[in-house]
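The values are calculated or read from the model by the stated rules, or taken from the named source; none is laboratory data. Quantities reported herein were computed from a predicted structural model and do not represent experimental measurements. Neighbour counts are summed over all protein chains in view; Cβ atoms, including those assigned to glycine, are modelled from backbone coordinates with ideal geometry.
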């Protein structure tokens, strides 16, 4: 009996030994010849990738895709732009579950706008992470991922408008704006995506002021409309009786700071080369936008908890479903707009390559 057991053990050992010769998972992922190259200066990358006043910390172009994926753990001038939004995703999810436990949540028509707001927030955060992490691969990748980033921003704008309209707006405000709000919010969100895509396709560095105009005018108009129910409520309702209003005020302040740092390259403008890795205005923009989203979720959850019993009664189930059904339609329209712009961009890049030959 003992001899039989020992014989079987030897057989098992011999059959397991070849497994030790199999490649490790890390070898399969990284590859034996793959190594993350050192960052380079602005003069060593194409003009498209050069950011004003950022003189170093760029990743070389045309490396293996895995190099950009694993540059998540490398220090470069996009590191904080990636991590600020990447870390916001689990924080947002934790905040969601904390509010679900504290304030309650039921899957029905009344909760659908809140769910779509959450989806829109996660969409823009994930697409932003992908853009900043992978765009350095090539000029085509740069355009494609930032076009997708603009899709995420547009979807987030409409997700905000759904939450503000159904949970935050007051009857007196709805009497003025009425049913035009959600169609207008969807249209301006799409124009925001289209304007940003067009500006990215049309203008090359050094960017003229027209580029900012194409980006900021539709985006600013969308924000003014989307935030109008919140602003009206802040001005007409007593803050002492509404716990959500403090969070709404803070989310507006965070967004305005984010908009400032997005529009102005400070402080790097005053310290060229000293903010290459830490301290860029775009990094501050990401931080304040993430704060805005977290504060917004908190405010909307409190509004939802207060109004969930009356949402269907006030707006009607039909309007709720129509407003929310516009969300995937807008997503598809923005996605197709980005792909169409990418098609023209491919032609433009091909013409440039032909000229260089």
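What is the residue count in region 61-84 for residues that are in contact (Cβ under 8 Å) with a residue 60 or more places away in the chain and in a loop (DSSP other than H, G, I, E, B)?
Our first condition is that a residue be in contact (Cβ under 8 Å) with a residue 60 or more places away in the chain; within region 61-84, this holds for 61-63, 65, 68-69, 71-72, 75-77, 79-81, 84.
From what is left, the residues that are in a loop (DSSP other than H, G, I, E, B) are 61-63, 75-77.
Number satisfying all stated conditions: 6.
So which of 167, 150 ends up being in a helix (DSSP H, G or I) and over 17 Å from residue 331 (Cβ atoms)?
Details: 150 fails: over 17 Å from residue 331 (Cβ atoms).
Going through 167, 150 in turn, the sole match is 167.
Only one residue in 291, 332, 342 is surrounded by 14 or more Cβ atoms within 10 Å (Cβ to Cβ), closer than 22 Å to residue 194 by Cβ, at pLDDT 95 or above and within 20 Å of the chain's Cα centre (by Cα), so which one is that? Show your work before the answer.
Working: 291 fails: closer than 22 Å to residue 194 by Cβ; 332 fails: surrounded by 14 or more Cβ atoms within 10 Å (Cβ to Cβ).
Just a single option satisfies the conditions, and that option is 342.
Could you tell me how many of the residues in region 247-274 are in contact with a helix residue (DSSP H, G or I) (Cβ under 9 Å, 6 or more places away or on another chain) and either more than 28 Å from residue 217 (Cα to Cα) or part of a loop (DSSP other than H, G, I, E, B) (or both)?
6
Please enumerate the residues belonging to region 157-184 that are buried (at least 16 other Cβ atoms within 10 Å of the Cβ) and without any contact (Cβ under 8 Å) to a residue 60 or more places away in the chain. Write out each step before concluding.
Residues of region 157-184 that are buried (at least 16 other Cβ atoms within 10 Å of the Cβ), as a first pass: 157-169, 173-174, 177, 181-182, 184.
Result: 174, 177, 181, 184.
Here is a list of conditions, (1) within 22 Å of the chain's Cα centre (by Cα); (2) surrounded by fewer than 18 Cβ atoms within 10 Å (Cβ to Cβ); (3) within 21 Å of residue 78 (Cβ to Cβ), and residue 261 meets all of them except one; can you say which number that is?
Residue 261 satisfies all of (1) within 22 Å of the chain's Cα centre (by Cα); (2) surrounded by fewer than 18 Cβ atoms within 10 Å (Cβ to Cβ); (3) within 21 Å of residue 78 (Cβ to Cβ) except (2).
Counting just the residues of region 85-112 that are assigned to a loop (DSSP other than H, G, I, E, B) and touching a helix residue (DSSP H, G or I) at 6+ places or on another chain (Cβ under 9 Å), which one comes out surrounded by the fewest Cβ atoms within 10 Å (Cβ to Cβ)? So that I can check it myself, show each step before the final result.
Residues of region 85-112 assigned to a loop (DSSP other than H, G, I, E, B): 104-108.
With the extra rule that they be touching a helix residue (DSSP H, G or I) at 6+ places or on another chain (Cβ under 9 Å), the set shrinks to 104-105, 107-108.
Values: 104: 12, 105: 18, 107: 8, 108: 12.
Across region 85-112, the extreme among qualifying residues is 107.
Within the set of pairs 6+ apart or on separate chains, which have a first residue in region 306-323 that is modelled with pLDDT under 95, a second that is loosely packed, with under 13 Cβ neighbours inside 10 Å, and C-beta atoms under 6 Å apart?
none
Just name the residue that is nearest to the chain's Cα centre (by Cα) out of those in region 230-244 that are touching a residue at least 24 places away in the same chain (Cβ under 8 Å) and in a helix (DSSP H, G or I).
Ranking the candidates gives 230 first.
Would it be correct to say that residue 277 is part of a loop (DSSP other than H, G, I, E, B) and within 21 Å of the chain's Cα centre (by Cα)?
Details: part of a loop (DSSP other than H, G, I, E, B): yes; within 21 Å of the chain's Cα centre (by Cα): yes.
For residue 277, the condition - part of a loop (DSSP other than H, G, I, E, B) and within 21 Å of the chain's Cα centre (by Cα) - is met.
Given the residues 227, 176, 213, which is the only one that is farther than 23 Å from residue 310 by Cα and either in a helix (DSSP H, G or I) or under 16 Å from the mean Cα position of the chain (by Cα) (or both)?
Working: 227 fails: farther than 23 Å from residue 310 by Cα; 176 fails: farther than 23 Å from residue 310 by Cα.
Just a single option satisfies the conditions, and that option is 213.
Is it the case that region 208-219 has a residue that's out of contact with any strand residue (DSSP E or B) (no Cβ under 8 Å at 6 or more places or on another chain), more than 17 Å from residue 147 (Cα to Cα), buried (at least 22 other Cβ atoms within 10 Å of the Cβ) and touching a residue at least 60 places away in the same chain (Cβ under 8 Å)?
no
Just checking, does region 56-69 include any residue being out of contact with any helix residue (DSSP H, G or I) (no Cβ under 9 Å at 6 or more places or on another chain) and surrounded by fewer than 15 Cβ atoms within 10 Å (Cβ to Cβ)?
So far as region 56-69 goes, no, none of its residues is out of contact with any helix residue (DSSP H, G or I) (no Cβ under 9 Å at 6 or more places or on another chain) and surrounded by fewer than 15 Cβ atoms within 10 Å (Cβ to Cβ).
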